[in-house]
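Worksheet for the structure shown next.
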Amino acid sequence: MCACSCGKKDIYLPELATITDRKMMNDTEVYIRLTLDSGEELGHKPGQFVEVSVAGLGECPISISSSPTVKGFDLVIRNAGSVTNAIHQMQVGDKLGIRGPYGSGYDLDTLAGKDLVFICGGIGLVPQRSLINYALDKPEDFGKVTVLLGTKDFDQRFYQDEIAAWHANDAINVLETIDVEHEKWTGNVGVVTNLIPKIEDELTDAAILVCGPPIMYKFVLMALAEYETPLENIYVNLERRMKCGVGKCGHCQMNDEYVCQSGPVYNYSELGAVPEAI
Amino acid sequence: MSIKKLSKEDFKSFVSGLISSDDKVVGVKAKGNRFVFGDLESADELRLDYDVTLLPPKKYVLPQVETLMTYEVKGEYKTECNAEPTVLLGVHPYDMVAINQMDAIFSQDEYDSHYMARRENLTIVACDVVNASENVFAASMGSATVKDGFDVLLTDLGDSYLVDAATEKGEALVAKAAGAADATDEDIAKRKQVWQKNEEALAKHKLNCKTSDLPGLLDKSYNHPVWEEKAKVCYSCGSCTSTCPTCYCFDVQDDVAWNLETGKRYRAWDGCLLEKFANVAGDHNFRQRREDRFRHRIYRKGKYVPAKIGGQVACVGCGRCVGACTPGIANPVEIYNRLLEDTNL
Ligand code: SF4
Ligand code: SF4
Ligand code: FES
């Protein structure tokens, strides 16, 4: 006879969720909207992630892209391995396994009342959108919202309809750039750091929220250093190889930080003692 | 709880009785001229005079490969739990300390019901060390003896065992032993001598500071040349982590049946010394360099894991990694001592 804790919640067991909307965003990114089959809301904070599970292939950590102020939740998934490839084949009505939400997300209490500047490189926009839309839905909680957005190629841009709507919305100031010139593009060309001088006034008091590929952080942080942005005002969102999501397996660790528990969003001033972070 | 004494002959009948009961009985037995934990078929097989086992008993709480759930490919996920009541005979104090540490890790924050199910199904009979292994340094790490975690603690007193039942489970187990007599003060004093002797005998490598100094020492040693020097000859083979009683990192994988309709998800031991441990999608490796992986293990033992478990050092001094590492670089004490030479605490 088994005298054990089988009755306790199994932290590794995914619950099922159904795809209610789906759209290819560009060649490599698919957008999906999910609702939990239990009928419950995910109950996440902006900046948290879920473990998405495909039976037979495994799990991968994916940032939640939508604000908790809307029902259901959005994920944007890059086709970069067997699990994500399988998700790309799925259609509306198909089911995925979900665990989470995990991570500490953005610290909404500390951000309250502040101007927010989002600096996003490529798919770095995906997790940031959870807070951008949250702030737009709760204008009384935050100051001005500014978004700097850098994408490598014209064709890789995504959330284009939504970004167009942001451009038309006075509550948010969006500046975009692409790395490589394109005949259909009349806007800024160059890396995202080039946009930073354009918002110079914002750089001392606003909360600066940075998310992008690993290589981007160094350059953005260097640029911010020139404007003497206080380190406590800078937040970075760090991708790691999360596996268990619950602080056990060791995969996400950078020095003594377990990204799955204390991250993936960190206040930059706290990363001085974490050389493996950036 | 109570302390009894049992002659070696009565102890043997007691073990025979356990083996013929319904519970699974696991103990230490010889394999060639080494020792392993394995299913016991007869009481004669049990070797409580062993020095150290090849693998630690962690496999009974965290198996090398463990199914977490099964599923139908288009359906629900179902928890798999096949923990069975098991009596584990002959756990040395350092391995007991290691299990206590893992208990803390797996029950804190998010409760790991898979680990805890196995743990709660174990009845652990620990035993004080009789013969010190070649590389054991448990005494340097404060784990030559152990105060808790076990259900029963045995101490070899020559022709008999002192049998200390520390939990209700332990009492119930010992109640099955015929011929047990109450231990005398003299017997208990003898155990104290064994403990004192082991504080000396189990110190084949001496740590030149207190274990509580290690986090501070490591704080000052991140860029020390020793990481590169040692890691130069590291094979990234992972033997030091797989033989370690306190290493618990794991990977999670899926396995589908041939019909592609059903499958299972399992976890398997993983190790931070292995090259791909910190790979992320898109093939970026956050710990690409061997010296970074080498350093990470030593930091986990001396600083990172201790921060999660109330400051206990996460090396219990079993010495297994010392013997398992072909180039001879894995001994944490050697590294800590080397750092101490160059550092003012
Ligand atoms: S680090 Fe080596 S000596 Fe320490 S507990 Fe692990 S295997 Fe044993
Ligand atoms: S330290 Fe030794 S045992 Fe560990 S991975 Fe390197 S060569 Fe293998
Ligand atoms: S993902 Fe397993 S410990 Fe963080």
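Values for this structure:
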{"read-out": "Number of positions in the stretch B:106-142 that are among the small types (Gly, Ala, Ser), closer than 30 Å to B:CYS81 by Cα and crowded, with 22+ Cβ neighbours inside 10 Å", "value": "3"}
{"read-out": "Qualifying positions in the stretch A:80-114 - more than 20 Å from A:CYS244 (Cα to Cα), out of contact with any strand residue (DSSP E or B) (no Cβ under 7 Å at 6 or more places or on another chain) and of a type in the set (S, T, N, Q)", "value": "A:ASN85, A:GLN89, A:THR110"}
{"read-out": "Whichever residue in the stretch B:258-276 is away from ligand 2 (no atom under 16 Å from the Cβ) and in a loop (DSSP other than H, G, I, E, B) and, among such residues, is surrounded by the most Cβ atoms within 10 Å (Cβ to Cβ)", "value": "B:GLU261"}
{"read-out": "Breaking point among (1) within 16 Å of ligand 2 (Cβ to nearest atom); (2) within 14 Å of another protein chain (Cβ to nearest Cβ), for B:ASP254", "value": "(1)"}
{"read-out": "Candidates B:CYS244, B:CYS272, B:CYS325, filtered to the one that is away from ligand 3 (no atom under 16 Å from the Cβ), over 16 Å from the mean Cα position of the chain (by Cα) and touching a residue at least 12 places away in the same chain (Cβ under 8 Å)", "value": "B:CYS325"}
{"read-out": "Output for the stretch B:290-345, where each listed residue is assigned to a loop (DSSP other than H, G, I, E, B), at pLDDT below 95 and either within 16 Å of ligand 2 (Cβ to nearest atom) or β-branched (Val, Ile, Thr) (or both)", "value": "B:THR343"}
{"read-out": "Options B:GLY323, B:GLY319, B:GLY310: the member that is at positive phi and within 14 Å of ligand 1 (Cβ to nearest atom)", "value": "B:GLY319"}
{"read-out": "Exclusive hit being away from ligand 1 (no atom under 14 Å from the Cβ), aliphatic (A, V, I, L, M) and touching a Cys at 6+ places or on another chain (Cβ under 8 Å), set B:ALA138, B:ALA117", "value": "B:ALA117"}
{"read-out": "Selection within the stretch B:287-298 - surrounded by fewer than 21 Cβ atoms within 10 Å (Cβ to Cβ) and either within 13 Å of chain A (Cβ to nearest Cβ) or within 16 Å of ligand 3 (Cβ to nearest atom) (or both)", "value": "B:GLN288, B:ARG289, B:GLU291, B:ASP292"}
{"read-out": "Any pair with Cβ under 9 angstrom, 6 or more apart, that starts in the stretch B:112-125 at a residue that is in the same structural domain as B:MET96 (by TED's automatic domain parsing) and ends at one that is part of a helix (DSSP H, G or I) and among the acidic types (Asp, Glu)", "value": "B:TYR115/B:ASP103; B:MET116/B:ASP103; B:ARG119/B:ASP103"}
{"read-out": "Test: residue in the stretch A:188-208 that is within 14 Å of another protein chain (Cβ to nearest Cβ), within 21 Å of A:ALA277 (Cβ to Cβ) and small (Gly, Ala, Ser)", "value": "no"}
{"read-out": "Contacts under 6 angstrom Cβ, first residue in the stretch B:223-237 being acidic (Asp, Glu), partner within 12 Å of ligand 2 (Cβ to nearest atom), 6 or more apart", "value": "B:GLU228/B:GLU291"}
{"read-out": "Meets criteria (of a type outside the set (Gly, Ala, Ser) and within 16 Å of ligand 1 (Cβ to nearest atom)) for B:THR211", "value": "yes"}
{"read-out": "Any hit, the stretch B:58-70, residues being within 14 Å of chain A (Cβ to nearest Cβ), among the aromatic types (Phe, Trp, Tyr) and more than 26 Å from B:ASN131 (Cα to Cα)", "value": "no"}
{"read-out": "Test: residue in the stretch B:188-195 that is in contact with a Lys or Arg (Cβ under 9 Å, 6 or more places away or on another chain) and on the phi < 0 side of the Ramachandran plot", "value": "no"}
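The values are calculated or read from the model by the stated rules, or taken from the named source; none is laboratory data. Everything numeric in this text was worked out from a predicted model, so none of it was measured. Neighbour counts are summed over all protein chains in view; Cβ atoms, including those assigned to glycine, are modelled from backbone coordinates with ideal geometry.
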